[in-house]
1. Report yes if K305 is buried (at least 17 other Cβ atoms within 10 Å of the Cβ), at pLDDT 95 or above, more than 28 Å from D137 (Cβ to Cβ) and not aromatic (F, W, Y), otherwise no.
2. Residues being free of Cβ contacts under 8 Å to residues at least 60 places away in the same chain, touching a Lys or Arg at 6+ places or on another chain (Cβ under 6 Å) and outside any strand (DSSP E or B): count how many of those fall in the stretch 117-136.
3. Any idea which of K244, K201 is within 30 Å of G67 (Cβ to Cβ), without any contact (Cβ under 8 Å) to a residue 24 or more places away in the chain and assigned to a helix (DSSP H, G or I)?
4. Name the residue, out of I252, I186, I280, I169, that is under 22 Å from the mean Cα position of the chain (by Cα), β-branched (V, I, T), farther than 30 Å from E152 by Cα and at pLDDT 95 or above.
5. Being within 30 Å of T304 (Cα to Cα) and at pLDDT 95 or above narrows it down to one residue among D160, D177; which is it?
6. Could you tell me which numbered condition P194 fails, if it satisfies all but one of (1) in a helix (DSSP H, G or I); (2) over 24 Å from I169 (Cα atoms); (3) of a type outside the set (F, W, Y)?
7. Please find, among A188, A183, A207, the residue that is surrounded by 22 or more Cβ atoms within 10 Å (Cβ to Cβ) and more than 25 Å from F57 (Cβ to Cβ).
8. Looking only at residues in the stretch 283-306 that are of a type in the set (A, V, I, L, M) and assigned to a loop (DSSP other than H, G, I, E, B), which one is farthest from G239 (Cα to Cα)?
Amino acid sequence: MKDYKKEAEVFDNQVKTRIDNGFIPDLRRLKKVDWFYNNVWRDPEFVKIMLIPRVNFVIDILKERKGKVAEFGCGYGYLSLEIARNGMDVTGVDLSPYSIELAKKFASENTYKEGFGSLNYKCDNILTMDLGKEVFDSIVFFLSMHHLPDIEMVISKSYDALKDGGNFIIVEPIQDDIGKATAEFILAIRSVLPTWIDYDKKTESIADNWDKRTHDILNEYLLEGEYTQSPNDNTCFSGKQMIKEIENKFVIKKLEYEGAFIDHIIGGLRGENKYKLAKILKIIDDNMVRTGALMPGIIKIHATKSK
């Protein structure tokens with residue numbers, strides 16, 4: 001049995017640290033936060049380049065049906081808030097009490113009222129809570145399903161809670177077939193680009209420690225070792241498993257892959273050309289995934305509950 005209390009405590013502490021260092025979880029109020037050293041949240045421009053397309057993937061689908069939407073694993077609520085701003089009635093659910101407290105706070109400060117639907121937050125565990133029957137028009141998991149140890153149960157409960165024809169949408173990190181080649185590519189890119197590590201230190205770190213640095217980056221990618229962020233953080237990283245379980249219940253309408261290396265590079269870029277570099281790297285990332293040169297790190301699925 002997973003330690004959900006510990007999971008919530010870890011996220012409470014992580015979120016508090018981010019907020020204390022100036023982070024604002026509102027996509028329309030973002031500001032630069034230099035405390036992040038290699039994270040997309042470091043700079044609003046990086047968010048626009050990498051994260052907003054993933055957000056739009058979700059919202060564009062939701063806008064076609066509208067109605068009642070549930071986001072499970074909503075964290076501090078930036079996506080739920082944006083969905084509500086697009087005219088939908090949203091319920092955001094998360095295990096972390098402090099995340100939900102913050103989500104309510106920033107929702108109360110929302111000044112974008114025109115076309116706003118409704119927004120309600122609840123601190124709960126999807127694995128134990130009663131979702132009801134045929135309640136929602138859409139259910140969303142955005143970078144949260146990989147924390148759940150029983151995705152078969154989660155998908156089954158989501159199916160029951162959706163209305164006929166309802167949307168099931170996920171955007172999740174995956175680790176299928178990710179290996180040394182990806183880690184070595186990330187190490188090579190970091191070595192030549194201007195990042196938070198100066199070039200003298202890069203030379204020292206890779207000249208005699210290529211294998212060690214590669215191993216460290218692989219751990220970083222897979223959230224293992226010192227990079228594990230919470231007890232359940234790497235519970236389910238398999239895109240193949242997600243697809244299999246979703247197909248058992250739903251009809252998959254759209255399946256997209258991305259994110260071979262961009263998530264591990266963009267937040268660390270420095271220098272006057274960092275935004276141009278970020279855009280170029282995003283194009284390279286998209287095409288390396290498209291051609292199969294590197295394996296994807298993100299899966300995006302839109303499925304529907306057939307009548």
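The values are calculated or read from the model by the stated rules, or taken from the named source; none is laboratory data. For clarity, every value in this text was computed on a predicted model and none was experimentally measured. Here the Cβ is made from the backbone with ideal geometry for all residues, glycine too, and neighbour counts use every protein chain on show.
1. For K305, the condition - buried (at least 17 other Cβ atoms within 10 Å of the Cβ), at pLDDT 95 or above, more than 28 Å from D137 (Cβ to Cβ) and not aromatic (F, W, Y) - is not met.
2. 1
3. So the residue among K244, K201 that is within 30 Å of G67 (Cβ to Cβ), without any contact (Cβ under 8 Å) to a residue 24 or more places away in the chain and assigned to a helix (DSSP H, G or I) is K244.
4. I280
5. Every option except D160 fails the conditions.
6. (1)
7. Going through A188, A183, A207 in turn, the sole match is A183.
8. A293
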